[in-house]
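Readers should treat all values here as calculations from the given coordinates under stated rules, not as data from a laboratory. What you see is a predicted model; the values in this text were computed from it and never measured. Because the Cβ atoms are built from the backbone with ideal geometry, glycine has one as well, and the counts that use them run over all protein chains shown.
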Amino acid sequence: MLGWMAWTWPTALVFIGIFSAMGIITVLEIKRPGGDERKGVLGLVTTRGDRLFITLLGAVYIFLAWLGLIGMPLWGPLALSIAWGVFCFLKV
């Protein structure tokens, strides 16, 4: 039934990671409502969900740029994406 898509373990782990992050954000929102709004270095007032979205969008661009300019292996963009995520949740 799911044979139309090439499901590999790396693909599954990406989706599991995204849905896990959304689940954690949901639990945090239920526990402490309001989204933990703050104004960061970009000058935007962001909530946890906004920061998660900016993190995921940035990670996609990091991986696409790396693939277009350098190619394989993908350990470099993984490290950059994790650093970008930490930066987004701490400073944005």
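In the chain, a dipole from Cβ-located charges (positive for Lys and Arg, negative for Asp and Glu) runs towards its positive end, and of Ala65, Trp75, Thr47 it is Thr47 whose Cα lies farthest in that direction.
Residue order for Ser81, Ser20, fewest other beta carbons within 10 angstrom first, comes to Ser20, Ser81. For the stretch 26-92, the alpha carbon positions stretch 42, 26, 14 Å along the principal axes, listed from largest to smallest.
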